[in-house]
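Data first, discussion second: the structure below is written as structure tokens.
The values are calculated or read from the model by the stated rules, or taken from the named source; none is laboratory data. Everything numeric in this text was worked out from a predicted model, so none of it was measured. Glycine gets a Cβ as well: all are built from the backbone with ideal geometry, and neighbour counts include every protein chain shown.
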Amino acid sequence: MKVLVLTGAGISAESGISTFRGSDGLWEGHKPQEVATPEAFADNPALVHRFYNDRRRQIQQATVRPNAAHQALALLETALGEDFLLVTQNVDNLHQRAGNSRVIAMHGELLKVRCNETGEIFDWHEDLTEGTPHPNNPLIQKSLRPHIVWFGETPFYLPQIEDAARQADVFISVGTSGTVYPAAGILSQTQSHCRTIEINPFPTPLSPKFDETIRQKASIAVPIVTQQIQDQSIIRG
């Protein structure tokens, strides 16, 4: 049984991570185009760095840690091995901290930075500024940026995600809005035999297209659903 899971901001919100998108459409008082586009970074890198430095610090606070939903998905990976894949829209590291290793962070990762000139990716836990030197080559100046997919950029690993969707026997969407593409298009890439499950306290535009919808918080519903899948895999095995 091949299982594909997609997670969004809803699963991390229960761990104390702000979704940053308020009812007024602002991220921490900023319009997305001010802090989350290549153009914004070119026009005002100091502001963009400050915004992501704040977010990087937040996910490293002692109070932010994996919740029951993250832990249940880690146990499901342990049970299924290579038949499990987790795709997340989140840029935190809570899935990895919970124990998941088969993770595709399609929108990037806060605890990594990338060199615009060489394409190198580095683990990063500190603040980042325009003056931060390149870790391997001090002659390269002002080249580091957050390893984040901004608006107008292509998410990572789309061919692998599409392939996993086509092979999936079960697809579970957890805490996603169903409005951000191409992540919202993964459901349509699954095949007719695939059982599709949405876990979200609120309806989304994609809700009518799922086989099952569970209107409950991720920390409550995910452990139940993943245990059912583990039980089914044991019976089939």
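List every residue pair whose Cβ atoms sit under 7 Å apart, with the two residues 6 or more apart in sequence or on different chains, where the first one lies in region 75-94 and is among the charged types (D, E, K, R) and the second, anywhere, is surrounded by fewer than 19 Cβ atoms within 10 Å (Cβ to Cβ) and assigned to a loop (DSSP other than H, G, I, E, B).
Glu77/Arg102; Asp83/Met1; Asp83/Lys2
Taking the criterion of being of a type in the set (A, V, I, L, M) and either in the same structural domain as Tyr181 (by TED's automatic domain parsing) or within 26 Å of Tyr181 (Cα to Cα) (or both), would at least one residue in region 123-138 satisfy it? Show your work before the answer.
Let us first name the residues in region 123-138 that are of a type in the set (A, V, I, L, M), namely 128.
Checking the rest, the ones that are also either in the same structural domain as Tyr181 (by TED's automatic domain parsing) or within 26 Å of Tyr181 (Cα to Cα) (or both) come to none.
The answer is no; no qualifying residue exists.
Is it true that Phe202 is aromatic (Phe, Trp, Tyr), surrounded by fewer than 17 Cβ atoms within 10 Å (Cβ to Cβ) and touching a residue at least 12 places away in the same chain (Cβ under 8 Å)? Full working, then the answer.
Values: aromatic (Phe, Trp, Tyr): yes; surrounded by fewer than 17 Cβ atoms within 10 Å (Cβ to Cβ): yes; touching a residue at least 12 places away in the same chain (Cβ under 8 Å): yes.
Spelling it out, Phe202 is indeed aromatic (Phe, Trp, Tyr), surrounded by fewer than 17 Cβ atoms within 10 Å (Cβ to Cβ) and touching a residue at least 12 places away in the same chain (Cβ under 8 Å).
Could you give every pair whose Cβ atoms fall below 6 Å, whose first residue belongs to region 104-125 and is under 13 Å from Asn136 (Cβ atoms), and whose second residue is part of a loop (DSSP other than H, G, I, E, B), counting only separations of at least 6 or pairs across chains?
Matching pairs, first to second residue: Val113/Trp124; Val113/Leu128; Cys115/Ser143; Glu117/Ile140; Glu117/Ser143; Phe122/Pro135.
Is it true that Ala62 is within 23 Å of Ala13 (Cβ to Cβ), of a type in the set (Gly, Ala, Ser) and either surrounded by fewer than 18 Cβ atoms within 10 Å (Cβ to Cβ) or in contact with a Ser or Thr (Cβ under 9 Å, 6 or more places away or on another chain) (or both)? Don't jump to the end; show me each part of the working.
Working: within 23 Å of Ala13 (Cβ to Cβ): yes; of a type in the set (Gly, Ala, Ser): yes; either surrounded by fewer than 18 Cβ atoms within 10 Å (Cβ to Cβ) or in contact with a Ser or Thr (Cβ under 9 Å, 6 or more places away or on another chain) (or both): yes.
Criteria met by Ala62.
Pairs under 8 Å by beta carbon, first residue among the polar types (S, T, N, Q) in region 135-148, partner part of a strand (DSSP E or B) and at pLDDT 95 or above, six or more apart or different chains?
Ser143/Cys115
When you check Ala68 against the structure, is it modelled with pLDDT of 95 or more and among the aliphatic types (A, V, I, L, M), yes or no? Let's see the steps before the verdict.
Details: modelled with pLDDT of 95 or more: yes; among the aliphatic types (A, V, I, L, M): yes.
Yes: the conditions hold for Ala68.
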